[in-house]
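Structure first, commentary second.
The values are calculated or read from the model by the stated rules, or taken from the named source; none is laboratory data. This structure is a prediction, so every number in the text was calculated from the model and none was measured. Neighbour counts run over all protein chains shown; Cβ positions are idealised from the backbone, glycine included.
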Amino acid sequence: MEPEKRTWMNGKVALQGAYGSDERGTFQVEGANVEDGRTLTATSLLYGETVFDGEVREVSVLMADLRGFTAFCERVTPHRMSRVLNQYLTAMVDVILGQQGRVQDFVGDGILGVFGAPGQDPDHAWHAARSALEMQVAIRRLVSRWEREGGTAFTLGVAVHTGAAFAGAVGSPKQQKYAVVGDPVNTVARLEELNRKLGTEIVISGDALALVQGRVDVHPRGFFSLRGRSHAVEVFELLGAEAALPQGPGPP
């Protein structure tokens, strides 16, 4: 039986579940029960003591970077910058949530998406790969609109990787958040940087590809030594998927 979804109110602990959180401190957590107003059984979170026992689980992670945004920020007003940034983030978040993922972090124009935590998703690699492809469709739609408004033609770099990570609370006793951390997160960030070197839009690791083999179109790009990692990673360019994707640019 699927666990009941409930809303938990708290202004101290910043728990970011599958549906995120708002400024009022209302959190909807997917895949967890709230018992006696204190315990999230799926993550063993004990409110009051703010102790969060996490777990190690296989997840797929996605990193996206909007190329050209830093230079754009130098040329425009902060108001114009924030409007474009929020339009971009809105479109990308919609894609990730639509594929059963969650957004863990925004770092400027960078986005870290997680698939397979906190809720169980046996097809997390497929949903991550689909998200990467759909994000490219979405950015082309936005760029088409921005160009008509006299804006900059941004491009998007995305990477997908799969591995075992810690999923649980990180932070201090005074402020914690649910996060996925570890080698997969570090690796996907380094993988995304390869897009500039390779001239690609999306790269996917061999570990992630192994879970979606036959469902995506790829082009092998070789093994790469990534900064901070002792073993080389096999990298593929992700070109398409077996299922039809939305087409761009489409209407604004």
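What are the pairs with Cβ atoms under 8 angstrom where one residue, in the stretch 166-188, is in a loop (DSSP other than H, G, I, E, B) and the other, located anywhere, is modelled with pLDDT under 85 and surrounded by 14 or more Cβ atoms within 10 Å (Cβ to Cβ)? Sequence gap at least six, or different chains.
Going by the 8 Å Cβ cut-off, the qualifying pairs are Pro173/Thr50; Lys174/Thr50.
Among the residues of the stretch 177-184, is any surrounded by 16 or more Cβ atoms within 10 Å (Cβ to Cβ) and in contact with an Asp or Glu (Cβ under 9 Å, 6 or more places away or on another chain)?
Within the stretch 177-184, one or more residues are surrounded by 16 or more Cβ atoms within 10 Å (Cβ to Cβ) and in contact with an Asp or Glu (Cβ under 9 Å, 6 or more places away or on another chain).
Let me confirm something: among Gly163, Gly157, Gly214, which residue is buried (at least 16 other Cβ atoms within 10 Å of the Cβ) and either touching a Cys at 6+ places or on another chain (Cβ under 8 Å) or over 14 Å from Val61 (Cβ atoms) (or both)? Please lay out each step first, then the result.
Numbers: Gly163 fails: either touching a Cys at 6+ places or on another chain (Cβ under 8 Å) or over 14 Å from Val61 (Cβ atoms) (or both); Gly214 fails: buried (at least 16 other Cβ atoms within 10 Å of the Cβ).
After ruling out the rest, the residue left standing is Gly157.
Could you pull out the residue among Gly101, Gly163 that is more than 11 Å from the chain's Cα centre (by Cα), touching a residue at least 24 places away in the same chain (Cβ under 8 Å) and closer than 29 Å to Glu242 by Cβ?
Values: Gly101 fails: more than 11 Å from the chain's Cα centre (by Cα).
The conditions single out Gly163.
Return yes when Gly157 is in contact (Cβ under 8 Å) with a residue 60 or more places away in the chain, on the phi < 0 side of the Ramachandran plot and not acidic (Asp, Glu) and no when it is not.
On the way: in contact (Cβ under 8 Å) with a residue 60 or more places away in the chain: yes; on the phi < 0 side of the Ramachandran plot: yes; not acidic (Asp, Glu): yes.
Against the criterion (in contact (Cβ under 8 Å) with a residue 60 or more places away in the chain, on the phi < 0 side of the Ramachandran plot and not acidic (Asp, Glu)), Gly157 qualifies.
Which of the residues that make up the stretch 127-154 are surrounded by 15 or more Cβ atoms within 10 Å (Cβ to Cβ), among the small types (Gly, Ala, Ser) and either over 23 Å from the mean Cα position of the chain (by Cα) or under 12 Å from Tyr88 (Cβ atoms) (or both)?
Ala138, Ser144, Gly151, listed by residue number.
Out of the residues in the stretch 87-109 that are more than 17 Å from Ile202 (Cβ to Cβ) and in contact with a Gly (Cβ under 8 Å, 6 or more places away or on another chain), state the one that is surrounded by the most Cβ atoms within 10 Å (Cβ to Cβ).
Going through the qualifying residues, I end up with Arg102.
Six or more apart or on different chains, Cβ under 6 Å: which pairs go from a residue in the stretch 59-79 that's under 27 Å from Leu97 (Cα atoms) to one that's in a strand (DSSP E or B) and of a type in the set (Ser, Thr, Tyr)? Could you list them?
Ser60/Thr162; Arg67/Thr155
Could you grab the pairs with beta carbons closer than 9 Å, sequence gap of 6+ or different chains, first residue in the stretch 192-211 and in the same structural domain as Ile111 (by TED's automatic domain parsing), second one at pLDDT 95 or above and assigned to a loop (DSSP other than H, G, I, E, B)?
What qualifies is Leu194/Thr200; Asn195/Glu201; Ile204/Val212; Leu211/Asp123.
Taking Gly222 and the conditions (1) part of a strand (DSSP E or B); (2) surrounded by 16 or more Cβ atoms within 10 Å (Cβ to Cβ); (3) assigned by TED's automatic domain parsing to the domain that holds Leu62, which numbered condition does it fall short on, given that it satisfies the others?
Result: Gly222 fails condition (2) only.
Restricted to the stretch 110-124, and to residues that are more than 16 Å from Ala167 (Cβ to Cβ) and within 12 Å of the chain's Cα centre (by Cα), which residue is surrounded by the most Cβ atoms within 10 Å (Cβ to Cβ)?
Here is the first cut: in the stretch 110-124, the ones more than 16 Å from Ala167 (Cβ to Cβ) are 110-111, 123.
Then keep just the ones that are within 12 Å of the chain's Cα centre (by Cα); that gives 110-111.
Working: Gly110: 15, Ile111: 24.
So the residue we want is Ile111.
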